[in-house]
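The values are calculated or read from the model by the stated rules, or taken from the named source; none is laboratory data. It should be emphasised that the depicted structure is a prediction, and the values quoted were computed from it without experimental measurement. Counting neighbours? That spans all protein chains shown, and the Cβs are built from the backbone with ideal geometry, glycine included. Accessible surface is based on the protein model in full, side chains and every heavy atom, while ligands, DNA and RNA are left aside. Shrake-Rupley method; radii C 1.70, N 1.55, O 1.52, S 1.80 Å.
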Amino acid sequence: MSTRTLPLLFINLGGEMLYILDQRLRAQNIPADKAKKVMNDIITTMFNKKFLEELFKPQELYSKKALRTVFDRLAHASIMRLNQASMDKLYDLMTMAFKYQVLLCPRPKDILLVSFNHMDAIRDFVKDTPSILGQVEETNKQLIEIYSLLSGGEFQLIRQTLLIFFQDMHIRVSIFLKDKVQNSNGRFVLPTSGPVPYGTQTPGLVRIYSCSGEELRKTLFRDNGNYCAALREGSFEMYGDRVIKLGTNMYSVSRPVETHMSGTSKNSLQHTKDKQANAELAKIMGEFGEEVEPSPSSSSKGDDLLAMMDGL
Amino acid sequence: MAKMYHKEKSIQIKSSASALYNNLSVLRIAPRCLTYFTAVHANVVNMVSASWDGLNYSHRQLQAKEGNVATSSSLIMQAAWCVLPPRDLLVLTSQKGIQMYESDGSIMVYWHALDTPETPTAKAVFARGIAAVREKYICVGVSSGSVLVFDIPCKGSNITLSEVLEEHKEAITDMASECSGSSECIADLVSADDSGLLCVWKAGEDFQLLNKIPGFDTSCSSVKLWKGTVIAGYGTGQIRLYEAVTAILHAEVNAHARWIYSVDIAPFTGLLLSAAEDSWVRVWHLSLTPETNSVEVMPFTHILYMSIESWGLQNILFIKTHCNNQK
């Protein structure tokens, strides 16, 4: 439908992927310089000029399969290696997180603010590396240029395109289940309370006008929700307070992520036979969530495991 | 006022409804004690025919026609029945064009291809907004803002494009024809677009623009025309009632906390239903007093559908209010 959806899909999914990888690298105490290298390599690839040029051309969304291939390649743009199962889990987490953000966006235009939240975080990841930072900022400028002028209706079309892409995906994510933003059937919860979107009035008022345009009467009704007035509008500039929290890092340090080691963990460490430099990265392993199903130890030698167990 | 509705048996359709405006269409076939329902799922239309005794259901799926250029599959934007005195047609609008079927979905009688560019343009191309007007017209909106007027013969497939109305500059979102059954109403059709602009038309050999109601850049996603009153649902969650011919604003309701996806009216009782992304379905009672030219809007009931991704709101066959109140 909307031919302007792909860049937003890619950037937001990429952003979620980086949040997850960053969290895993920290959780496993990977030395800072190695972790940074992994993140930098992936971000460099993600913001490759030629690739983004292609991406920003007006076009229909890639098929689900094609998009998955893009992210398979992106996840392997550094020395970190993921096996099939880990990549599957990573992709599931990324897509469900962005689906959640799209659904919960107060108004369609706020998808741009969500994208800016991701971009702000990515800029922060590479703030010490000017060359990559430059690429990221260039892309940010492009986003502002292309999307700031779109109307609410056009953003709604983008949103509908994204929702149709994510339609029928109901993978349960433990962090969402825990926060009760997702039900056990995989559906997300839409709150009936909280601030209304910017530009919307809280429900509850009927105004009747006379033929000459003066207000004849007002009637209040109880809308049975618990809405309050809108917050101020987030910034669409390069830097600024986005106000919306969707798209910020939900795996950040302040938030304890449950790791649970089951008895004989079959998905345990596999050391590579590669150079010493890779040895620590080879140990990346982690487990999210309460229920841990030990995965069959099908990983071949030399493969690192980024095992992310989720309540599937 | 006593409750005038009750929840009937739920009907399962083959797949989930896509996040599209006005994504539920209903056709009651009294002589056969059947009701047809459709909901769009990506590139197919799910159709179910339900017997009134609740015992028989049959399902059918219609596909989007791909058109000549072999590109990615076309998504369907809307499916709706057009009820004309001689015949009912099922109309599908997609990214590639407009398909018209016999009312049971069995035979496609007409295909109109949109001008789709070879390489995609920044502005998407699609058809959206469907209305049957007077005895012989079906009007369909396009993303460019054009409204296509098709001349429909009593039977057969000799359907022709008789006129293109160019008044809107933004993509058409929805269209509606006068549904009160009264032949006294001057306005026959209202069209709405992404900027919130409403155009009011009189049907005929040449359609005539009666009035334009500006939208102040708030998309109008769903519109109905009843007893000469335009009922419009907006992206801000507001419902507004205008007198069609004069564009006078009668009423404004801060109805929903999110984008409205659909409004519908039961023509004999004046019960108005609105459904929005805030997962509420709200029913309002409208009363129009022609003598004083006044309108009253009273909230009637509010129902929360906790099933999320409840574009299934459109699935919720609350349109049964519409059906049950045909008396």
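For B:Tyr110, the stated conditions hold: it is closer than 28 Å to B:Glu178 by Cβ and over 19 Å from the mean Cα position of the chain (by Cα).
Test A:Asp120 against the stated conditions and say whether it is farther than 22 Å from B:Tyr261 by Cβ, open to solvent by 30 Å² or more (accessible area, probe 1.4 Å), without any contact (Cβ under 8 Å) to a residue 60 or more places away in the chain and in a helix (DSSP H, G or I).
Numbers: farther than 22 Å from B:Tyr261 by Cβ: yes; open to solvent by 30 Å² or more (accessible area, probe 1.4 Å): yes; without any contact (Cβ under 8 Å) to a residue 60 or more places away in the chain: no; in a helix (DSSP H, G or I): yes.
Against the criterion (farther than 22 Å from B:Tyr261 by Cβ, open to solvent by 30 Å² or more (accessible area, probe 1.4 Å), without any contact (Cβ under 8 Å) to a residue 60 or more places away in the chain and in a helix (DSSP H, G or I)), A:Asp120 does not qualify.
Please tell me if A:Leu150 is open to solvent by 40 Å² or more (accessible area, probe 1.4 Å), aliphatic (A, V, I, L, M) and within 30 Å of A:Arg123 (Cα to Cα). I'd like the intermediate steps shown before the answer.
Numbers: open to solvent by 40 Å² or more (accessible area, probe 1.4 Å): no; aliphatic (A, V, I, L, M): yes; within 30 Å of A:Arg123 (Cα to Cα): yes.
So A:Leu150 does not fit the description; no.
Enumerate the strands (runs of 3 or more DSSP E) found wholly within segment B:237-327, keeping only those where 3 or more residues are closer than 26 Å to A:Gln182 by Cα, more than 9 Å from chain A (Cβ to nearest Cβ) and modelled with pLDDT of 90 or more. Don't jump to the end; show me each part of the working.
Numbers: elements: B:238-243, B:249-254, B:260-266, B:271-276, B:280-289, B:294-304.
Per the criteria, B:260-266, B:271-276.
Among the residues that make up segment A:52-71, is at least one of them modelled with pLDDT of 90 or more, over 19 Å from the mean Cα position of the chain (by Cα) and outside any loop (DSSP other than H, G, I, E, B)? Yes, the conditions are met somewhere in segment A:52-71. If you go through segment A:52-94 and pick out every residue that is under 24 Å from A:Thr139 (Cβ atoms), free of Cβ contacts under 8 Å to residues at least 40 places away in the same chain and among the acidic types (Asp, Glu), you end up with 3.
Is there a residue in segment A:19-26 that is in contact with a helix residue (DSSP H, G or I) (Cβ under 7 Å, 6 or more places away or on another chain), of a type in the set (D, E, K, R) and open to solvent by less than 40 Å² (accessible area, probe 1.4 Å)? Yes, segment A:19-26 contains at least one residue that is in contact with a helix residue (DSSP H, G or I) (Cβ under 7 Å, 6 or more places away or on another chain), of a type in the set (D, E, K, R) and open to solvent by less than 40 Å² (accessible area, probe 1.4 Å).
When restricted to residues that are farther than 19 Å from B:Asn22 by Cα, open to solvent by 40 Å² or more (accessible area, probe 1.4 Å) and within 14 Å of chain A (Cβ to nearest Cβ), segment B:165-204 contains 1.
Filtering segment A:179-193 to residues that are in contact with a strand residue (DSSP E or B) (Cβ under 9 Å, 6 or more places away or on another chain) and either within 7 Å of chain B (Cβ to nearest Cβ) or open to solvent by 20 Å² or more (accessible area, probe 1.4 Å) (or both) leaves A:Val181, A:Phe188, A:Val189, A:Pro191, A:Thr192, A:Ser193. Take the conditions surrounded by fewer than 24 Cβ atoms within 10 Å (Cβ to Cβ) and either under 21 Å from the mean Cα position of the chain (by Cα) or within 28 Å of A:Asp110 (Cβ to Cβ) (or both) and apply them to B:Val263. Does it pass? For B:Val263, the condition - surrounded by fewer than 24 Cβ atoms within 10 Å (Cβ to Cβ) and either under 21 Å from the mean Cα position of the chain (by Cα) or within 28 Å of A:Asp110 (Cβ to Cβ) (or both) - is not met. Apart from one condition, A:Asp128 fits all of (1) more than 14 Å from chain B (Cβ to nearest Cβ); (2) more than 20 Å from the chain's Cα centre (by Cα); (3) part of a helix (DSSP H, G or I); the exception is (3).
Among what's in segment B:208-222 and is open to solvent by less than 10 Å² (accessible area, probe 1.4 Å) and in a loop (DSSP other than H, G, I, E, B), pick the residue that is nearest to B:Ala244 (Cα to Cα). Outline the logic, then answer.
If we filter segment B:208-222 for residues that are open to solvent by less than 10 Å² (accessible area, probe 1.4 Å), which is where we start, we get B:213, B:215, B:219-222.
Cutting the leftovers down to in a loop (DSSP other than H, G, I, E, B) gives us B:215, B:219.
Working: B:Gly215: 14, B:Ser219: 18 Å.
Result: B:Gly215.
Restrict the check to segment A:81-94 and report whether at least one residue is modelled with pLDDT of 90 or more, farther than 14 Å from A:Asn12 by Cβ and within 14 Å of chain B (Cβ to nearest Cβ). No, every residue in segment A:81-94 fails to be modelled with pLDDT of 90 or more, farther than 14 Å from A:Asn12 by Cβ and within 14 Å of chain B (Cβ to nearest Cβ). I'd like to check something: does segment B:205-222 contain any residue that is within 24 Å of A:Thr202 (Cβ to Cβ), of a type in the set (Val, Ile, Thr) and within 14 Å of chain A (Cβ to nearest Cβ)? Within segment B:205-222, one or more residues are within 24 Å of A:Thr202 (Cβ to Cβ), of a type in the set (Val, Ile, Thr) and within 14 Å of chain A (Cβ to nearest Cβ). Here A:Pro108 passes the criteria (1) in a helix (DSSP H, G or I); (2) within 18 Å of the chain's Cα centre (by Cα); (3) without any contact (Cβ under 8 Å) to a residue 60 or more places away in the chain; (4) within 14 Å of another protein chain (Cβ to nearest Cβ) except the one numbered (1). Got a sec? Which of A:Asn40, A:Asn48, A:Asn29 is under 20 Å from A:Thr248 (Cα atoms), more than 14 Å from every other protein chain (Cβ to nearest Cβ) and open to solvent by 10 Å² or more (accessible area, probe 1.4 Å)? When all the criteria are applied, what remains is A:Asn40. When the residues of segment B:95-133 are filtered to those that are touching an Asp or Glu at 6+ places or on another chain (Cβ under 9 Å), within 14 Å of chain A (Cβ to nearest Cβ) and not aliphatic (A, V, I, L, M), the one that is nearest to B:Phe207 (Cα to Cα) is B:Gly129.
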